[in-house]
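Asker: I'd like to ask some things about the structure below.
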Amino acid sequence: MGQWLYDRRDPVSWCFALGMALPLVWLGLKGVQTAPQTLQEMVAMLEVPPPPAAPVVPARPQPPQVQRQLSPMPVQSVPQAQERTAPEPVPAAATPAAHVPAPAPAFVAPVPSTPPEPRPQAARSAAYEAQLLAYLERIKRYPTSREARLSKPQGTVRLWLLLSRQGELLEAGVVASSGSNLLDGEALRTVRAGQFPAFPEEAFAGQDRHRFTVNLKYQIEG
């Protein structure tokens with residue numbers, strides 16, 4: 001038997017090889033047939049979209065049921081009306097004393113304040129004006145003309161005169177007439193004939209001249 005197989009080793013090898021190849025060929029043909037079918041199924045699955053999944057709605061939590069227990073309302077007792085009693089009399093010692101107003105303060109008369117003393121400049125100026133008026137009153141004369149003796153005029157002449165700081169008369173004039181030319185002329189003559197002193201050092205400071213106004217009164221005595 002062994003010798004027979006050895007002698008026919010080539011045909012046996014071919015038969016064995018063919019027997020081994022047939023199953024492989026059969027499996028290959030089967031795979032070729034099933035491959036297109038599987039490919040078609042895969043293409044169909046890609047073309048047809050899957051149905052959308054239904055949205056999942058979360059369930060709302062149910063509120064817990066609270067069992068309320070109704071408690072009975074408290075019943076308030078109505079107090080009975082109390083009997084009114086007459087007020088007890090207040091002892092006289094406990095009665096507050098009547099308010100006594102405090103006495104008004106006595107009136108105190110204000111103390112008059114001492115008037116301030118005039119400044120040296122104003123005092124010197126006022127003193128010079130008084131001295132000037134007294135001087136003119138002393139040197140004035142009533143007119144002595146025949147007309148004046150017959151008419152006997154009376155009145156006051158208001159004059160102005162401009163003096164320099166050295167007492168020199170610069171100008172003079174009548175501010176208000178007395179109503180008589182005789183008296184007005186005599187007043188101007190008196191002023192122009194006067195000799196006036198110089199201004200004090202502290203009077204009319206900063207002025208090299210000053211204008212004065214004086215009144216000369218003429219009347220007949222007796």
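Asker: Quick one: is Gln166 touching a residue at least 60 places away in the same chain (Cβ under 8 Å), loosely packed, with under 12 Cβ neighbours inside 10 Å and not aliphatic (A, V, I, L, M)? Let's see the steps before the verdict.
Answerer: Numbers: touching a residue at least 60 places away in the same chain (Cβ under 8 Å): no; loosely packed, with under 12 Cβ neighbours inside 10 Å: yes; not aliphatic (A, V, I, L, M): yes.
Judged against the criteria, Gln166 is not a match.
Asker: Could you list all residues from region 198-214 that are surrounded by fewer than 16 Cβ atoms within 10 Å (Cβ to Cβ) and closer than 18 Å to Glu171 by Cβ?
Answerer: Correct list: Ala198, Gln207, Asp208, Arg209, Arg211, Thr213.
Asker: Taking region 182-197 only, how many residues are assigned to a loop (DSSP other than H, G, I, E, B) and surrounded by 14 or more Cβ atoms within 10 Å (Cβ to Cβ)? Step through it out loud before you land on a result.
Answerer: Kept after step one, since they are assigned to a loop (DSSP other than H, G, I, E, B), are these residues of region 182-197: 193-197.
Still in the list and also surrounded by 14 or more Cβ atoms within 10 Å (Cβ to Cβ): 194, 196.
Of the residues in that region, 2 qualify.
Asker: Tell me, yes or no, whether region 198-221 has at least one residue that is part of a helix (DSSP H, G or I) and under 60 Å from the mean Cα position of the chain (by Cα). Reasoning before the result, please.
Answerer: If we filter region 198-221 for residues that are part of a helix (DSSP H, G or I), which is where we start, we get none.
Looking through region 198-221, none of the residues is part of a helix (DSSP H, G or I) and under 60 Å from the mean Cα position of the chain (by Cα).
Asker: Can you pull out the residues in region 158-181 that are outside any loop (DSSP other than H, G, I, E, B) and over 30 Å from Glu201 (Cα atoms)?
Answerer: Step one: filter region 158-181 for residues outside any loop (DSSP other than H, G, I, E, B), giving 158-164, 169-176, 181.
Once the filter is applied, which keeps residues that are outside any loop (DSSP other than H, G, I, E, B) and over 30 Å from Glu201 (Cα atoms), region 158-181 yields Ala176, Asn181.
Throughout, read-outs are computed from the coordinates displayed, never taken from laboratory work. As the structure is a computational prediction, the values presented were derived from the model and not from experiment. Cβ atoms come from the backbone with ideal geometry, glycine included; neighbour counts cover every protein chain shown.
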